[in-house]
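Enquirer: Below is the structure I would like to discuss, written out as structure tokens.
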Amino acid sequence: MEIFHLSAECYPVAKVGGLADVVGALPKYLNQAGHKAKVVVPAYNNKFVQENEYETVHQGQLRLGRFVFSYSIAKEATGKLGFELYQIAIPELFDRPNVYSYEDDTERFLSFQIAFLNWLIETRQRPDILHCHDHHTALIPFMVQHCLNYEVLRLTPTILTIHNGQYQGWFGYDKLHYLPQFDLSKIGYLEWNGTINPLASGIKCAWKVTTVSPSYLDEISNRANGLENLLRWERPKSLGILNGIDTEVWNTKTDSLVVKNYSLKDFKKGKTANKAYLCEQFHLNPDLPLFTFIGRLVGEKGADLLPQICSVALHQNQGKINILILGSGDTGVELELSSLQNFYAGNYSAYIGYNEKLAHIIYAGADFLLMPSRIEPCGLNQMYALRYGTIPIVRRTGGLRDTVLDIGDGGFGICHNETSVSDVIHSISRAIQLFDQPKTFDAIRKYIQQIDHSWDKVATEYIDVYESLK
């Protein structure tokens, strides 16, 4: 089968969150299974575009209301990503460094979708599957069914994967004319709660809807920023498929970013070496349990509570634990986390920003990973931590519920029910007790490295979905 993946992000081309990791991995494993998966993303003015070679395969024009834009399709020349990568360049809209947060994001992602469909029509391509990811590409199922320009694609199966249902791409009726011509009697497929809602449209029009974990499908049926009733109605065509991780990138034996590689046989030496490096860099005591947080400093991740969590944990366990934070986001949270270094030097440090190499070393060297998320559709960080022998401390929500079983229930992680300071502090206390039992602690660390969260298994589930639509 020929499958096009349409997305705003794809690692390592452009990454903001976990969406990029999924789109950068799933197609590679689909290809390894014998299919032809391709990825299409916008051409941002970023480092990847500037440093890689492309060949232009198509040029054309698109209309967005009264505006006309020229666009070009460029294919990454080496094929080094494990799949064919195509980037759509629309200079007036995408010749910028960031992926999101521009005032004209509606125009940007609408034009991206229109350019993609125009390319298919003008080059007479008829793929087997169009796989759309999140609201940025969720109008494609509507357009192939109801826009006159794309009538020949009407029987092409479409799939929408919801990575985060809180963001839906809303825009007003004043921009309805941006869409290519369609029968206005079909406007109900675009509307939800009095506005144009791309994610709702995708849910209505896609042949199949998937979420990135089974638990997240259950959760958004009850809490989805206004889409609950729609998701319940469309539940028969929906299913949750847990994301995987790229075990070629996340491999303790071959990871070039860590200080010392390790296998199951010598994982204690490997983790000790990486921990020693971290503690030297951040002036921490390598003999103490090292707790860490890696990710965006936003409310969804529970990061607004991190300053208080760190302060209380360090105060209650004076000189007995280390905490290391890696992340960026809310400037107020960043400032609070940075200022804590003045009070808990020697046991606490924070790196504000994004650093892929440091993230890998932390996964390899830390003892525990904190994930007090309010919303976590799937979560990949806990899977990276498991793969590297770092025990996750998580709130039971979304994919965290599906991937981490509490040690008290015969499992291998530490779980709590609420995103609250008291719940996380209690979990930290349990972790300290576990750290003080070396045999049990090491047995769990060895066990979790063998849990299979690879994309091989996940790709098979997606292939089953694709084949069901043929």
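The values are calculated or read from the model by the stated rules, or taken from the named source; none is laboratory data. Source: prediction; values computed, not measured. In this analysis, Cβ positions are derived from the backbone assuming ideal geometry, glycine residues included, and neighbour counts consider all displayed protein chains.
Enquirer: Quick test of your reading of the structure: PRO289 fulfils all but one of (1) over 30 Å from ASN222 (Cα atoms); (2) at pLDDT below 95; (3) surrounded by 15 or more Cβ atoms within 10 Å (Cβ to Cβ); (4) not small (Gly, Ala, Ser). Name the failing condition by number.
Expert: Here PRO289 clears every test but (2).
Enquirer: Anything in the range 115-141 that is assigned to a helix (DSSP H, G or I) and over 20 Å from TYR71 (Cβ atoms)? List them, or say none.
Expert: HIS135, PRO141 - these are the residues of the range 115-141 that are assigned to a helix (DSSP H, G or I) and over 20 Å from TYR71 (Cβ atoms).
Enquirer: Assigned to a loop (DSSP other than H, G, I, E, B) and not assigned by TED's automatic domain parsing to the domain that holds THR211: does that describe LYS271?
Expert: Values: assigned to a loop (DSSP other than H, G, I, E, B): no; not assigned by TED's automatic domain parsing to the domain that holds THR211: yes.
So LYS271 fails the test.
Enquirer: Run down ASP134, ASP128 and say which single residue is in contact (Cβ under 8 Å) with a residue 60 or more places away in the chain, of a type in the set (Asp, Glu), in contact with a Leu (Cβ under 9 Å, 6 or more places away or on another chain) and farther than 14 Å from TRP207 by Cβ. First the steps, then the outcome.
Expert: Numbers: ASP128 fails: farther than 14 Å from TRP207 by Cβ.
Just a single option satisfies the conditions, and that option is ASP134.
Enquirer: Residues that are part of a helix (DSSP H, G or I), under 23 Å from ALA20 (Cβ atoms) and at pLDDT 95 or above: does the range 162-172 have at least one? Don't jump to the end; show me each part of the working.
Expert: In the first step, residues of the range 162-172 are kept if they are part of a helix (DSSP H, G or I); the result is none.
No, there is no match, as no residue in the range 162-172 is part of a helix (DSSP H, G or I), under 23 Å from ALA20 (Cβ atoms) and at pLDDT 95 or above.
Enquirer: Quick one: in the range 61-102, of everything that is closer than 13 Å to ALA8 by Cα and of a type in the set (S, T, N, Q), which residue is modelled with the highest pLDDT?
Expert: GLN87
Enquirer: Right, another one. Mind counting the residues in the range 257-282 that are more than 23 Å from ALA345 (Cβ to Cβ) and either out of contact with any helix residue (DSSP H, G or I) (no Cβ under 9 Å at 6 or more places or on another chain) or modelled with pLDDT under 95 (or both)?
Expert: The total comes to 3.
Enquirer: Tell me, which residue of the range 211-230 that is under 21 Å from the mean Cα position of the chain (by Cα) and in a helix (DSSP H, G or I) is surrounded by the fewest Cβ atoms within 10 Å (Cβ to Cβ)?
Expert: Going through the range 211-230, the residues under 21 Å from the mean Cα position of the chain (by Cα) turn out to be 211-221, 223-225, 227.
Narrowing further to those that are in a helix (DSSP H, G or I): 214-220.
On the way: PRO214: 17, SER215: 22, TYR216: 28, LEU217: 22, ASP218: 14, GLU219: 21, ILE220: 24.
The selected residue is ASP218.
Enquirer: Does any residue of the range 355-370 turn out to be at pLDDT below 95 and over 25 Å from SER311 (Cβ atoms)?
Expert: yes
Enquirer: Which condition number in (1) more than 18 Å from LEU305 (Cα to Cα); (2) within 18 Å of the chain's Cα centre (by Cα); (3) of a type outside the set (A, V, I, L, M) is the one that THR397 fails?
Expert: Result: THR397 fails condition (1) only.
Enquirer: Which condition number does GLU248 fail, the rest of (1) farther than 23 Å from TRP455 by Cβ; (2) at pLDDT below 95 being met?
Expert: (1)
Enquirer: Which numbered condition trips up LYS208, out of (1) basic (Lys, Arg); (2) buried (at least 23 other Cβ atoms within 10 Å of the Cβ); (3) over 18 Å from TYR388 (Cβ atoms)?
Expert: (2)
Enquirer: Which residues, taken from the range 420-447, are hydrophobic (A, V, I, L, M, F, W, C) and in contact with a strand residue (DSSP E or B) (Cβ under 7 Å, 6 or more places away or on another chain)?
Expert: The first filter runs over the range 420-447 and keeps only residues hydrophobic (A, V, I, L, M, F, W, C), leaving 421, 424-425, 428, 431-432, 434-435, 441, 443-444.
Answer for the range 420-447, where residues must be hydrophobic (A, V, I, L, M, F, W, C) and in contact with a strand residue (DSSP E or B) (Cβ under 7 Å, 6 or more places away or on another chain): VAL424, ILE428, ALA431, ILE444.
Enquirer: Return the residue satisfying two criteria in turn: it lies in the range 239-263 and is of a type in the set (Gly, Ala, Ser) and crowded, with 20+ Cβ neighbours inside 10 Å, and of such residues it is nearest to LYS28 (Cα to Cα). Give the derivation first.
Expert: Quick first cut of the range 239-263, residues of a type in the set (Gly, Ala, Ser) only: 240, 244, 256, 263.
Subsequent filtering for residues that are crowded, with 20+ Cβ neighbours inside 10 Å retains 240, 244.
Values: GLY240: 21, GLY244: 12 Å.
Selected residue: GLY244.
Enquirer: Could you tell me whether LEU305 is assigned by TED's automatic domain parsing to the domain that holds CYS279, among the aliphatic types (A, V, I, L, M) and either more than 22 Å from VAL394 (Cα to Cα) or surrounded by 23 or more Cβ atoms within 10 Å (Cβ to Cβ) (or both)? Quick ask: steps written out before the conclusion?
Expert: Details: assigned by TED's automatic domain parsing to the domain that holds CYS279: yes; among the aliphatic types (A, V, I, L, M): yes; either more than 22 Å from VAL394 (Cα to Cα) or surrounded by 23 or more Cβ atoms within 10 Å (Cβ to Cβ) (or both): no.
For LEU305, the condition - assigned by TED's automatic domain parsing to the domain that holds CYS279, among the aliphatic types (A, V, I, L, M) and either more than 22 Å from VAL394 (Cα to Cα) or surrounded by 23 or more Cβ atoms within 10 Å (Cβ to Cβ) (or both) - is not met.
Enquirer: Moving to a separate point now. Within the range 274-320, how many residues turn out to be over 15 Å from ARG374 (Cα atoms) and part of a loop (DSSP other than H, G, I, E, B)?
Expert: 11
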